[in-house]
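Note sheet for the following structure.
The values are calculated or read from the model by the stated rules, or taken from the named source; none is laboratory data. The shown structure was predicted, so the numbers you read here are calculated from the model rather than taken from an experiment. Every residue, glycine among them, receives a Cβ derived from its backbone with ideal geometry; neighbour counts consider all protein chains shown. Please note that ligands, DNA and RNA were not included when accessible areas were found on the heavy atoms of the full protein model with its side chains. Shrake-Rupley method; radii C 1.70, N 1.55, O 1.52, S 1.80 Å.
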Amino acid sequence: LLVTLASGQVYEAELVGQDPTDDLAVIRISAGRDLPPALPLADSDALRVGQFVVAIGNPFGLEQTLTVGVISALGRIIQSPEENRFIGEAIQTDAAINPGNSGGPLLDLQGRVIGVNSQIISPSRASAGIGFAVSSNTVRRAVPQLIARGYFPHPWLGIDSLPLSPMASEILREGGVN
């Protein structure tokens, strides 16, 4: 992994932790004094539909790109990159999110991170005005665990459901299960 700062300086990065379910990762670079200060995280529960936002990224390899838009919806549930999992609390925006924007910040107009750009819905694989970001509150929960453990432990319910057919019902009754 390579990280290029706005100054043009390139650093090798080390993977600290990853959460494929939430489409998040933490990487580390040793940039010393060259490391810019961290952007503050906003409370994504305080967001509202219609609020202006800014998306930053490198769409199609075009570095240091900024697009603007509004929050179109809150609390969306979107497909996770990990099979059969979902990301909850996603922020939908019409700010242009294209391939290469993923991992970049979605910011409010005070420069606070409200989400991490993640994915789009588009038949053409280019912005169609339906982009999604992982909410800052999801980031706030996951990142400390990614740093401490290298992963985020998601709860799960270890059951499978089966259709209850008349034959299965009869077998259960015969076994003493009502």
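Residues in region 34-60, backbone N under 20 Å from the label point at Ile147 (7 Å along the Cα-to-beta-carbon vector): list them, ranges by number please. So the set is 34-44.
Over the chain, accessible surface divided per residue gives 63 Å², non-protein components excluded, 1.4 Å probe. Helix 136-149 and the longest principal axis of the Cα set of the chain meet at an angle near 90°. Each of Ser122, Ser72, Ser161 has its accessible area taken with a 1.4 Å probe; listed largest first, they run Ser161, Ser72, Ser122. DSSP finds beta bridges in the chain, and of those with both partners inside it, around 95 percent are antiparallel.
For region 81-178, the alpha-carbon radius of gyration amounts to 1.67 times the rule-of-thumb value 2.2 N^0.38 Å expected for a compact globular protein. Between Arg112 and Leu39, the modelled label-to-label distance comes to 1.4 nm, taking each label 7 Å out from Cα in the direction of the beta carbon.
Within the shell defined by Cβ-Cβ distances under 12 Å, the residues around Val68 carry a net charge of -2, with Lys and Arg each +1 and Asp and Glu each -1.
Hydrodynamic analysis of region 55-125 uses the Kirkwood radius over alpha carbon pairs. Inserted into Stokes-Einstein at 20 °C and 1.002 mPa s, it gives a translational diffusion coefficient of 170 µm²/s. Every Cα-Cα pair in the chain was counted, and those over 20 Å apart are 60% of them. Just the protein heavy atoms count here, and of the accessible area of region 136-178 at 1.4 Å, carbon and sulfur take up 62 percent. Distance distribution note for region 1-56: the fraction of Cα pairs above 13 angstrom is 74%. The slack between Leu66 and Ile159, meaning 0.36 nm per residue of separation minus the straight C-alpha distance, is 29.0 nm. Seen from Ser118, the other residues with C-beta closer than 10 Å to its C-beta sum to a net charge of -2, counting Lys and Arg as +1 and Asp and Glu as -1. Shown here: region 13-113, whose C-alpha atoms stretch 39, 34, 28 Å along the first, second and third principal axes, sorted largest to smallest. Comparing Thr138, Thr65, Thr93 in a Gaussian network model of the chain where C-alpha atoms under 10 Å apart are linked, the largest mean-square fluctuation is found at Thr65.
Note on the chain: with charges restricted to the Cβ of Lys and Arg (+1) and Asp and Glu (-1), its dipole about the Cα centre is near 340 debye.
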